[in-house]
Amino acid sequence: MSNDKDNFNVSDLTAALKDEDRAGLVNALKNKLQNLAGQHSDVLENLTPKIRRRVEVLREIQGKHDEIESKFREERAALEAKYQKLYQPLYTKRYEIVNGATDIEGAPEDAKMDQGDDKTAEEKGVPSFWLTALKNNDVISEEITERDEGALIYLKDIKWCKIEEPKGFKLEFFFDQNPYFKNTLLTKAYHMIDEDEPLLEKAIGTEIDWYPGKCLTQKILKKKPKKGAKNAKPITKTEDCESFFNFFNPPQVPDDDEDIDEDRAEELQNLMEQDYDIGSTIREKIIPHAVSWFTGEAIEGEEFEIDNDDEDDIDEDEDEDEYEEDDEDEEEDDDEDEEEEVSKTKKKPSVLHKKGGRPQLNDGQQGERPPECKQQ
């Protein structure tokens with residue numbers, strides 16, 4: 001029996017996930033489960049009539065339990081939708097205070113202090129609110145590099161909503177105008193095959209419209225020419241790099257008939273699990289408790305995983321070692337030929353935070369409230 005269970009492994013799941021058609025995915029999984037049920041039907045046949053009858057009664061009890069559980073899930077979904085609507089005014093008020101659309105009247109002593117400090121008087125809202133909240137969470141902080149922080153300070157709000165067809169949820173990141181990309185809204189949608197026993201079908205992110213030389217998901221490497229070479233200009237190349245904004249370009253299962261070996265299937269499975277873990281953490285922890293993450297209070301009581309995988313740092317090829325990352329800061333362009341010092345932002349590989357093993361996994365202007373994301 002255990003051997004049969006092992007047959008429904010990552011490879012089988014990957015094979016099912018190759019089909020982009022959602023109905024086909026569901027049917028593939030159902031057929032697989034029906035085949036497994038047929039393989040185990042001989043268990044009843046091998047029982048004595050009396051024991052078989054007892055098992056049949058147990059199955060009837062299980063059926064009644066499943067009916068009640070189904071009603072529970074329906075009522076739970078309705079209850080969640082009800083309270084999501086009750087949360088919205090609070091999220092609106094939070095948005096207005098964080099972004100300076102609404103100010104809070106302080107005590108007279110506070111007003112005097114503000115007048116004595118011009119810098120404080122000029123600041124509106126709560127600077128770097130969402131950046132600080134994200135960095136204080138151990139799952140999300142692993143994804144944020146120093147380079148990312150320059151863009152994340154323009155993050156004005158994060159919201160989420162359910163999507164019904166296909167089932168799943170969507171995250172929305174609202175940005176102020178910034179020097180990194182043109183988008184004011186970045187989204188990430190998770191499409192689920194089954195929400196109640198969550199199985200991830202795929203994730204879809206926004207394509208980021210980066211300004212020239214400002215892409216945070218890539219770095220430009222510059223190679224010094226050899227001494228005496230006729231061409232004195234440095235050789236440059238572009239390379240993908242660690243960045244929080246890779247979150248909007250999630251791992252995808254190949255949609256062709258190409259066979260995926262077991263190692264690649266497992267790697268893809270881990271990437272999808274990690275990606276879902278980040279998304280669900282933002283939805284379930286960061287958004288509803290953003291203030292507690294900003295102040296650091298939410299860290300108390302959190303269980304942290306210890307990562308000792310320092311040996312996992314990847315060594316680059318010898319040829320790549322000759323390249324240096326090009327600093328594209330337009331404000332410091334003097335003496336390009338002489339200054340080629342690399343400003344590399346290095347971080348440990350992201351820690352995989354699994355959520356139960358297999359991915360059993362669920363345009364605003366400044367000062368304006370971004371459009372509401374409809375809650376189901």
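The values are calculated or read from the model by the stated rules, or taken from the named source; none is laboratory data. This one's a predicted model, so the numbers in the text were calculated from it and none came from an experiment. FYI the Cβ positions are ideal-geometry reconstructions off the backbone, even for glycines, and counts take in every protein chain you see. Surface areas here come from the heavy atoms of the whole protein model, side chains and all, with no ligands, DNA or RNA. Shrake-Rupley method; radii C 1.70, N 1.55, O 1.52, S 1.80 Å.
Quick notes on this one:
- So Thr187, is it in a strand (DSSP E or B) and modelled with pLDDT under 90: no
- Qualifying positions in the range 158-175 - of a type in the set (D, E, K, R) and either open to solvent by 30 Å² or more (accessible area, probe 1.4 Å) or closer than 14 Å to Ser243 by Cα (or both): Lys162, Glu164, Glu165, Lys167, Lys170
- Residue among Leu200, Leu155 that alone is among the hydrophobic types (A, V, I, L, M, F, W, C) and either surrounded by fewer than 20 Cβ atoms within 10 Å (Cβ to Cβ) or closer than 17 Å to Leu134 by Cβ (or both): Leu155
- Scoring Thr217 on the criteria (1) in contact with a Ser or Thr (Cβ under 7 Å, 6 or more places away or on another chain); (2) open to solvent by 50 Å² or more (accessible area, probe 1.4 Å) leaves a single failure, condition (2).
- Only residues that are of a type in the set (D, E, K, R) and open to solvent by 100 Å² or more (accessible area, probe 1.4 Å) were counted across the range 61-84, and they come to 6.
- In this structure, Thr238 does satisfy being among the hydroxyl-bearing types (Ser, Thr, Tyr) and surrounded by fewer than 17 Cβ atoms within 10 Å (Cβ to Cβ).
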